[in-house]
Amino acid sequence: MAHSPIVAIGASHASVQLAASLRQAGYCGDLVIVGAEPHLPYNRPPLSKTLLTQQVSFDKTLLRQQSFYDQHNIQLKLGARVKSISRKSNQVTLDSDETIAYSKLVIATGADPIMLNLPGEQLEGIGYLRNYDDTQTLIPSIEEGKSAVVVGGGYIGLETAAALRKAGMIVTVVEGMERVLQRVTSPEISAFYTNAHVTRGVNIVTNAQAVEFVGQHRVEAVKCSNGESYPADVVVIGVGVRPNTGLAADAGLNVTNGINIDEFGRTDDPDIFAIGDCTNFPCHFTNTRMRLESVPNAVEQAKSAAAYICGEELPYRALPWFWSDQYDIKLQIAGINTGFDDIVILGNREDEQFSAWYFAGDRLLAVDAINSTKDFIKAKQLLSEGQSICKQALKQDNHKSHG
(Lines give C-alpha, C1' and ligand atoms only; values in the text may rest on other atoms or scores of the structure.)
Protein backbone atom coordinates (compact mmCIF):
# COMPACT_ATOMS: atom_id res chain seq x y z
CA MET A 1 0.00 0.00 0.00
CA ALA A 2 2.94 2.35 0.56
CA HIS A 3 3.07 3.20 -3.14
CA SER A 4 -0.58 4.20 -3.47
CA PRO A 5 -1.17 7.93 -3.86
CA ILE A 6 -2.65 10.33 -1.37
CA VAL A 7 -6.12 11.02 -2.76
CA ALA A 8 -8.18 14.13 -1.98
CA ILE A 9 -11.91 14.21 -2.75
CA GLY A 10 -13.12 17.70 -3.66
CA ALA A 11 -11.27 20.31 -5.70
CA SER A 12 -11.31 23.66 -3.90
CA HIS A 13 -9.33 25.64 -1.32
CA ALA A 14 -8.84 22.80 1.16
CA SER A 15 -7.49 20.23 -1.34
CA VAL A 16 -5.27 22.68 -3.20
CA GLN A 17 -3.72 23.88 0.08
CA LEU A 18 -3.31 20.27 1.19
CA ALA A 19 -1.42 19.38 -2.00
CA ALA A 20 0.78 22.50 -1.76
CA SER A 21 1.55 21.82 1.93
CA LEU A 22 2.36 18.14 1.29
CA ARG A 23 4.86 19.11 -1.40
CA GLN A 24 6.36 21.86 0.81
CA ALA A 25 6.79 19.29 3.59
CA GLY A 26 8.75 17.06 1.24
CA TYR A 27 6.15 14.45 0.33
CA CYS A 28 7.29 13.06 -3.03
CA GLY A 29 4.67 10.36 -3.67
CA ASP A 30 1.74 10.56 -6.05
CA LEU A 31 -1.07 13.01 -5.32
CA VAL A 32 -4.53 12.89 -6.88
CA ILE A 33 -7.30 15.47 -6.48
CA VAL A 34 -10.74 14.31 -7.65
CA GLY A 35 -13.21 17.13 -8.40
CA ALA A 36 -16.81 16.90 -9.55
CA GLU A 37 -16.63 20.10 -11.60
CA PRO A 38 -14.84 20.20 -14.97
CA HIS A 39 -13.03 23.45 -14.08
CA LEU A 40 -9.64 23.99 -12.45
CA PRO A 41 -10.07 24.62 -8.68
CA TYR A 42 -11.24 28.19 -8.07
CA ASN A 43 -12.05 30.64 -5.31
CA ARG A 44 -15.74 30.40 -4.31
CA PRO A 45 -16.41 33.63 -2.37
CA PRO A 46 -16.51 35.73 -5.59
CA LEU A 47 -19.51 33.68 -6.82
CA SER A 48 -21.98 35.85 -4.91
CA LYS A 49 -19.97 39.03 -5.36
CA THR A 50 -18.13 39.72 -8.62
CA LEU A 51 -18.55 36.59 -10.77
CA LEU A 52 -22.33 36.78 -10.82
CA THR A 53 -22.28 40.30 -12.26
CA GLN A 54 -19.25 39.59 -14.49
CA GLN A 55 -17.01 42.21 -12.85
CA VAL A 56 -14.24 39.65 -12.86
CA SER A 57 -13.44 36.90 -15.33
CA PHE A 58 -13.36 33.26 -14.23
CA ASP A 59 -9.62 32.83 -14.83
CA LYS A 60 -8.97 35.56 -12.23
CA THR A 61 -10.61 33.33 -9.60
CA LEU A 62 -8.44 30.25 -10.21
CA LEU A 63 -6.56 29.21 -7.07
CA ARG A 64 -3.57 28.07 -9.15
CA GLN A 65 -2.80 27.86 -12.85
CA GLN A 66 -2.48 24.48 -14.59
CA SER A 67 1.30 24.92 -14.55
CA PHE A 68 1.33 24.68 -10.73
CA TYR A 69 -0.23 21.21 -10.81
CA ASP A 70 2.09 20.12 -13.61
CA GLN A 71 5.24 21.36 -11.86
CA HIS A 72 4.34 19.69 -8.57
CA ASN A 73 3.14 16.45 -10.12
CA ILE A 74 -0.40 16.85 -8.77
CA GLN A 75 -2.87 14.84 -10.81
CA LEU A 76 -6.27 16.49 -11.24
CA LYS A 77 -9.22 14.24 -12.09
CA LEU A 78 -11.85 16.84 -12.92
CA GLY A 79 -15.48 16.25 -13.87
CA ALA A 80 -15.34 13.03 -11.83
CA ARG A 81 -17.35 12.08 -8.77
CA VAL A 82 -16.40 9.59 -6.10
CA LYS A 83 -19.40 7.35 -5.52
CA SER A 84 -17.99 5.18 -2.73
CA ILE A 85 -15.07 4.69 -0.34
CA SER A 86 -13.93 1.17 0.52
CA ARG A 87 -12.04 1.29 3.82
CA LYS A 88 -11.35 -2.43 3.63
CA SER A 89 -9.43 -2.23 0.38
CA ASN A 90 -8.26 1.42 0.77
CA GLN A 91 -9.77 2.56 -2.49
CA VAL A 92 -12.37 4.91 -3.90
CA THR A 93 -14.70 4.16 -6.79
CA LEU A 94 -15.65 6.92 -9.24
CA ASP A 95 -19.02 7.23 -10.95
CA SER A 96 -17.29 5.90 -14.09
CA ASP A 97 -16.56 2.72 -12.04
CA GLU A 98 -12.83 3.46 -12.17
CA THR A 99 -11.13 2.68 -8.83
CA ILE A 100 -8.21 4.54 -7.27
CA ALA A 101 -6.22 3.00 -4.41
CA TYR A 102 -5.05 5.35 -1.67
CA SER A 103 -2.42 5.28 1.06
CA LYS A 104 -4.17 8.21 2.75
CA LEU A 105 -7.55 9.65 1.79
CA VAL A 106 -8.51 13.26 2.50
CA ILE A 107 -12.19 14.16 2.27
CA ALA A 108 -12.75 17.80 1.33
CA THR A 109 -16.27 17.60 -0.05
CA GLY A 110 -17.42 20.98 1.30
CA ALA A 111 -21.09 21.82 1.72
CA ASP A 112 -24.14 21.78 -0.54
CA PRO A 113 -26.92 24.37 -0.70
CA ILE A 114 -30.10 23.57 1.19
CA MET A 115 -32.75 23.10 -1.50
CA LEU A 116 -36.21 24.58 -0.99
CA ASN A 117 -38.00 22.24 -3.43
CA LEU A 118 -40.95 24.61 -3.74
CA PRO A 119 -43.63 24.56 -6.44
CA GLY A 120 -42.29 26.25 -9.59
CA GLU A 121 -38.62 25.88 -8.63
CA GLN A 122 -37.90 24.32 -12.05
CA LEU A 123 -38.77 27.55 -13.87
CA GLU A 124 -36.05 29.31 -15.84
CA GLY A 125 -34.33 32.19 -14.07
CA ILE A 126 -34.18 30.49 -10.65
CA GLY A 127 -30.90 29.29 -9.22
CA TYR A 128 -28.63 28.55 -6.28
CA LEU A 129 -25.08 29.87 -5.98
CA ARG A 130 -22.68 27.11 -5.10
CA ASN A 131 -20.50 26.76 -8.16
CA TYR A 132 -19.33 28.52 -11.30
CA ASP A 133 -21.90 26.84 -13.54
CA ASP A 134 -24.65 28.22 -11.29
CA THR A 135 -23.50 31.77 -12.07
CA GLN A 136 -23.46 30.99 -15.81
CA THR A 137 -27.07 29.82 -15.65
CA LEU A 138 -28.17 33.02 -13.89
CA ILE A 139 -26.11 35.62 -15.80
CA PRO A 140 -28.42 35.85 -18.87
CA SER A 141 -31.28 36.93 -16.54
CA ILE A 142 -29.29 39.76 -14.92
CA GLU A 143 -30.22 43.00 -16.64
CA GLU A 144 -30.41 46.61 -15.55
CA GLY A 145 -33.95 47.69 -14.66
CA LYS A 146 -35.24 44.12 -14.27
CA SER A 147 -36.44 42.63 -10.97
CA ALA A 148 -34.53 40.20 -8.77
CA VAL A 149 -35.66 38.37 -5.66
CA VAL A 150 -33.06 36.94 -3.29
CA VAL A 151 -34.45 34.26 -0.99
CA GLY A 152 -32.45 34.25 2.25
CA GLY A 153 -30.96 37.13 4.23
CA GLY A 154 -27.69 35.56 5.37
CA TYR A 155 -24.27 36.68 4.13
CA ILE A 156 -24.58 34.94 0.74
CA GLY A 157 -28.05 36.41 0.20
CA LEU A 158 -26.98 39.93 1.13
CA GLU A 159 -23.79 39.75 -0.95
CA THR A 160 -25.88 38.62 -3.91
CA ALA A 161 -28.41 41.42 -3.31
CA ALA A 162 -25.58 43.98 -3.25
CA ALA A 163 -24.08 42.63 -6.49
CA LEU A 164 -27.46 42.65 -8.28
CA ARG A 165 -28.31 46.14 -7.00
CA LYS A 166 -24.94 47.43 -8.24
CA ALA A 167 -25.82 45.89 -11.60
CA GLY A 168 -28.89 48.17 -11.68
CA MET A 169 -31.56 45.63 -10.81
CA ILE A 170 -34.64 46.19 -8.64
CA VAL A 171 -33.89 43.90 -5.71
CA THR A 172 -36.05 42.35 -2.99
CA VAL A 173 -34.60 40.18 -0.22
CA VAL A 174 -37.03 37.75 1.41
CA GLU A 175 -35.98 36.43 4.85
CA GLY A 176 -38.02 33.99 6.96
CA MET A 177 -36.65 35.16 10.31
CA GLU A 178 -37.29 38.43 12.16
CA ARG A 179 -34.10 40.04 10.92
CA VAL A 180 -31.38 39.49 8.33
CA LEU A 181 -28.22 37.69 9.57
CA GLN A 182 -30.21 36.56 12.62
CA ARG A 183 -28.36 33.27 13.01
CA VAL A 184 -24.89 34.78 12.86
CA THR A 185 -24.83 38.23 14.40
CA SER A 186 -26.27 40.72 16.87
CA PRO A 187 -29.39 42.85 16.35
CA GLU A 188 -27.12 45.93 16.05
CA ILE A 189 -25.23 44.51 13.06
CA SER A 190 -28.45 43.21 11.49
CA ALA A 191 -29.97 46.69 11.79
CA PHE A 192 -26.86 48.25 10.26
CA TYR A 193 -26.99 45.94 7.22
CA THR A 194 -30.73 46.35 6.78
CA ASN A 195 -30.24 50.11 6.71
CA ALA A 196 -27.22 49.87 4.37
CA HIS A 197 -29.26 47.89 1.85
CA VAL A 198 -32.48 49.91 2.18
CA THR A 199 -30.68 53.24 1.69
CA ARG A 200 -29.18 51.78 -1.50
CA GLY A 201 -32.60 50.86 -2.82
CA VAL A 202 -33.04 47.21 -1.79
CA ASN A 203 -36.44 46.10 -0.47
CA ILE A 204 -35.90 43.89 2.59
CA VAL A 205 -38.85 41.77 3.70
CA THR A 206 -38.50 39.80 6.96
CA ASN A 207 -40.81 37.26 8.63
CA ALA A 208 -41.68 36.01 5.17
CA GLN A 209 -40.85 32.69 3.57
CA ALA A 210 -41.02 31.94 -0.12
CA VAL A 211 -43.83 29.43 -0.71
CA GLU A 212 -44.15 29.30 -4.50
CA PHE A 213 -42.47 30.48 -7.70
CA VAL A 214 -44.94 31.74 -10.27
CA GLY A 215 -44.55 31.81 -14.06
CA GLN A 216 -45.14 29.94 -17.32
CA HIS A 217 -41.68 28.90 -18.52
CA ARG A 218 -39.69 31.59 -16.80
CA VAL A 219 -40.12 32.84 -13.25
CA GLU A 220 -42.30 35.95 -12.99
CA ALA A 221 -42.91 36.31 -9.24
CA VAL A 222 -42.22 34.85 -5.81
CA LYS A 223 -45.22 34.17 -3.60
CA CYS A 224 -44.52 34.46 0.14
CA SER A 225 -46.03 33.34 3.44
CA ASN A 226 -47.00 36.95 4.25
CA GLY A 227 -49.56 36.81 1.41
CA GLU A 228 -47.52 39.08 -0.86
CA SER A 229 -46.05 38.35 -4.29
CA TYR A 230 -42.82 39.97 -5.45
CA PRO A 231 -42.07 40.36 -9.17
CA ALA A 232 -38.96 38.52 -10.32
CA ASP A 233 -37.09 38.17 -13.60
CA VAL A 234 -34.42 36.27 -11.69
CA VAL A 235 -34.42 34.50 -8.32
CA VAL A 236 -31.32 33.55 -6.35
CA ILE A 237 -31.85 31.17 -3.43
CA GLY A 238 -29.39 31.25 -0.55
CA VAL A 239 -30.91 29.73 2.57
CA GLY A 240 -27.80 28.07 3.93
CA VAL A 241 -25.80 24.92 3.31
CA ARG A 242 -25.41 21.40 4.68
CA PRO A 243 -22.07 19.64 5.03
CA ASN A 244 -21.53 17.11 2.26
CA THR A 245 -21.00 14.05 4.45
CA GLY A 246 -22.75 11.33 2.42
CA LEU A 247 -19.60 9.50 1.31
CA ALA A 248 -18.14 9.55 4.82
CA ALA A 249 -21.37 8.33 6.41
CA ASP A 250 -21.77 5.56 3.81
CA ALA A 251 -18.21 4.45 4.60
CA GLY A 252 -19.14 4.19 8.29
CA LEU A 253 -17.12 7.17 9.48
CA ASN A 254 -18.27 9.15 12.50
CA VAL A 255 -20.52 12.03 11.33
CA THR A 256 -22.42 14.64 13.42
CA ASN A 257 -23.16 17.89 11.58
CA GLY A 258 -19.94 17.34 9.66
CA ILE A 259 -17.34 14.59 9.56
CA ASN A 260 -15.89 14.27 13.06
CA ILE A 261 -12.16 14.98 13.12
CA ASP A 262 -9.52 15.78 15.72
CA GLU A 263 -7.12 18.74 15.74
CA PHE A 264 -4.95 17.02 13.09
CA GLY A 265 -7.82 16.39 10.67
CA ARG A 266 -7.98 12.68 11.51
CA THR A 267 -11.27 10.79 11.29
CA ASP A 268 -11.83 7.57 13.24
CA ASP A 269 -10.04 5.70 10.42
CA PRO A 270 -6.22 6.16 10.65
CA ASP A 271 -5.95 6.33 6.83
CA ILE A 272 -8.73 8.90 6.32
CA PHE A 273 -8.60 12.63 7.04
CA ALA A 274 -11.20 15.34 6.44
CA ILE A 275 -10.77 19.11 6.04
CA GLY A 276 -12.82 22.22 5.31
CA ASP A 277 -16.55 22.99 5.36
CA CYS A 278 -17.52 19.31 5.66
CA THR A 279 -15.81 18.83 9.04
CA ASN A 280 -16.86 19.02 12.68
CA PHE A 281 -13.75 19.79 14.74
CA PRO A 282 -12.69 20.74 18.28
CA CYS A 283 -12.38 24.54 18.45
CA HIS A 284 -9.53 25.68 20.66
CA PHE A 285 -11.22 29.06 21.30
CA THR A 286 -14.72 27.98 22.30
CA ASN A 287 -13.82 24.61 23.87
CA THR A 288 -16.68 23.11 21.85
CA ARG A 289 -16.93 21.12 18.65
CA MET A 290 -18.10 23.13 15.67
CA ARG A 291 -18.37 23.35 11.92
CA LEU A 292 -17.30 26.45 10.03
CA GLU A 293 -17.87 27.56 6.47
CA SER A 294 -14.83 29.69 5.79
CA VAL A 295 -11.80 29.77 3.55
CA PRO A 296 -9.30 30.44 6.39
CA ASN A 297 -10.63 27.39 8.25
CA ALA A 298 -10.25 25.16 5.17
CA VAL A 299 -6.70 26.40 4.55
CA GLU A 300 -5.50 25.97 8.14
CA GLN A 301 -7.05 22.51 8.50
CA ALA A 302 -5.35 21.46 5.26
CA LYS A 303 -1.98 22.56 6.69
CA SER A 304 -2.57 20.53 9.88
CA ALA A 305 -3.57 17.39 7.97
CA ALA A 306 -0.63 17.68 5.54
CA ALA A 307 1.82 18.11 8.42
CA TYR A 308 0.44 15.07 10.25
CA ILE A 309 0.58 12.89 7.12
CA CYS A 310 4.25 13.92 6.80
CA GLY A 311 5.00 12.98 10.43
CA GLU A 312 4.85 16.40 12.05
CA GLU A 313 2.27 17.47 14.64
CA LEU A 314 0.77 20.86 13.86
CA PRO A 315 -2.54 20.95 15.74
CA TYR A 316 -5.28 23.16 14.29
CA ARG A 317 -5.49 26.13 16.66
CA ALA A 318 -6.23 28.96 14.27
CA LEU A 319 -8.62 31.69 15.33
CA PRO A 320 -11.84 31.52 13.30
CA TRP A 321 -12.21 34.58 11.07
CA PHE A 322 -14.45 35.53 8.15
CA TRP A 323 -15.23 38.38 5.82
CA SER A 324 -18.09 39.69 3.72
CA ASP A 325 -18.05 42.33 0.97
CA GLN A 326 -21.25 44.24 0.22
CA TYR A 327 -21.15 47.48 -1.82
CA ASP A 328 -18.16 49.41 -0.44
CA ILE A 329 -18.66 47.88 3.01
CA LYS A 330 -16.02 45.40 4.12
CA LEU A 331 -16.95 43.32 7.14
CA GLN A 332 -14.15 41.39 8.87
CA ILE A 333 -15.03 39.10 11.76
CA ALA A 334 -12.52 37.75 14.28
CA GLY A 335 -13.60 35.06 16.73
CA ILE A 336 -17.01 33.50 17.46
CA ASN A 337 -19.65 35.58 19.27
CA THR A 338 -21.76 32.65 20.53
CA GLY A 339 -22.82 33.24 24.14
CA PHE A 340 -22.11 37.00 24.27
CA ASP A 341 -23.99 39.01 26.91
CA ASP A 342 -22.63 42.48 26.14
CA ILE A 343 -21.59 44.41 23.08
CA VAL A 344 -19.49 47.59 22.84
CA ILE A 345 -19.72 49.62 19.63
CA LEU A 346 -16.65 51.68 18.69
CA GLY A 347 -16.92 54.33 16.00
CA ASN A 348 -19.88 55.67 14.13
CA ARG A 349 -22.48 53.49 12.43
CA GLU A 350 -23.69 56.41 10.30
CA ASP A 351 -20.21 56.70 8.73
CA GLU A 352 -20.28 52.97 7.95
CA GLN A 353 -17.01 52.67 9.82
CA PHE A 354 -17.21 51.04 13.24
CA SER A 355 -16.61 47.83 15.16
CA ALA A 356 -18.73 45.72 17.50
CA TRP A 357 -16.86 44.03 20.38
CA TYR A 358 -18.64 41.01 21.87
CA PHE A 359 -18.10 40.03 25.50
CA ALA A 360 -19.21 37.23 27.81
CA GLY A 361 -18.77 38.88 31.20
CA ASP A 362 -15.33 40.50 30.89
CA ARG A 363 -14.00 38.04 28.31
CA LEU A 364 -13.68 39.20 24.72
CA LEU A 365 -15.26 36.64 22.35
CA ALA A 366 -15.31 38.26 18.93
CA VAL A 367 -15.25 41.48 16.95
CA ASP A 368 -17.21 42.51 13.86
CA ALA A 369 -15.18 45.23 12.13
CA ILE A 370 -16.92 47.26 9.44
CA ASN A 371 -14.51 49.20 7.24
CA SER A 372 -12.20 49.12 10.29
CA THR A 373 -9.28 46.89 9.38
CA LYS A 374 -7.24 48.34 12.25
CA ASP A 375 -9.78 47.11 14.82
CA PHE A 376 -9.98 43.73 13.10
CA ILE A 377 -6.20 43.26 13.23
CA LYS A 378 -6.07 44.34 16.88
CA ALA A 379 -8.93 41.99 17.83
CA LYS A 380 -7.44 39.10 15.89
CA GLN A 381 -4.15 39.54 17.72
CA LEU A 382 -5.79 39.78 21.18
CA LEU A 383 -8.00 36.75 20.57
CA SER A 384 -5.21 34.66 19.04
CA GLU A 385 -3.02 35.32 22.08
CA GLY A 386 -5.87 34.49 24.45
CA GLN A 387 -5.95 38.04 25.80
CA SER A 388 -8.99 40.15 26.57
CA ILE A 389 -9.37 43.91 26.67
CA CYS A 390 -10.86 46.09 29.38
CA LYS A 391 -14.50 46.65 28.51
CA GLN A 392 -14.71 49.91 30.50
CA ALA A 393 -11.62 51.31 28.77
CA LEU A 394 -13.18 50.52 25.39
CA LYS A 395 -16.38 52.29 26.39
CA GLN A 396 -14.39 55.33 27.58
CA ASP A 397 -12.36 55.40 24.35
CA ASN A 398 -15.60 55.46 22.44
CA HIS A 399 -17.05 58.19 24.65
CA LYS A 400 -13.92 60.33 24.17
CA SER A 401 -13.95 59.99 20.42
CA HIS A 402 -17.58 61.15 20.36
CA GLY A 403 -17.24 63.70 23.17
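The values are calculated or read from the model by the stated rules, or taken from the named source; none is laboratory data. For clarity, every value in this text was computed on a predicted model and none was experimentally measured. Glycine gets a Cβ as well: all are built from the backbone with ideal geometry, and neighbour counts include every protein chain shown. Protein only, heavy atoms only, side chains kept; ligands, DNA and RNA dropped before computing areas. Shrake-Rupley method; radii C 1.70, N 1.55, O 1.52, S 1.80 Å.
Of the accessible area of the chain, with the probe set at 1.4 angstrom, what percent is carbon plus sulfur?
Values: 8520 of 18070 Å².
Answer for the chain is 47 percent, counting heavy atoms of protein chains only.
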Taking only Cα atoms and a 10 Å spring cutoff, compute GNM fluctuations for the chain and point out the largest among SER96, SER57, SER190.
SER96
Which of HIS217, HIS13, HIS72 fluctuates most in a GNM of the chain (C-alpha springs under 10 Å)? That residue is HIS217
Counting only protein chains, not ligands or nucleic acids, how are TRP323, TRP357 ordered by accessible area (probe 1.4 Å), most first?
TRP323, TRP357
Mean-position separation - Cα centroids, region 65-124 and region 257-316, in angstrom
19 Å
Going down the table (LYS49/LYS374; LYS88/LYS303; LYS223/LYS330; LYS83/LYS303), which pairs top 30 Å between alpha carbons?
LYS223/LYS330
Describe numerically, in nm with one decimal, the distance between label points set 7 Å from Cα along Cα→Cβ at ASP362 and at ASP30.
6.0 nm
When a/c is below 1.5 the answer is rounded, else prolate if a/b is larger than b/c, else oblate, so apply that to the chain with a ≥ b ≥ c taken from the square roots of the Cα gyration tensor eigenvalues.
oblate
Once you have the Cα-Cα distance between ILE139 and LYS374, take 0.36 nm times their residue separation minus that, and quote the gain in nm to one decimal.
81.0 nm
Cα centroid separation - region 209-223 against region 130-178, whole Å
15 Å
If you roll a 1.4 Å probe over the heavy atoms of the protein chains, what accessible area per residue do you get for the chain, in Å²?
45 Å²
For LYS60, the aspartates and glutamates lying under 18 Å Cα to Cα, once residues fewer than eight places off in the same chain are dropped, come out as GLU37, ASP133, ASP134, ASP325
Given R₀ = 56 Å, what would the calculated FRET efficiency be for HIS284 paired with GLU350, taking r from the Cβ atoms and rounding to 0.05?
0.95
Can you compute the label reach from ASP271? Point 7 Å from Cα along the Cβ direction, backbone N cut-off under 11 Å, restricted to region 61-90.
86-90
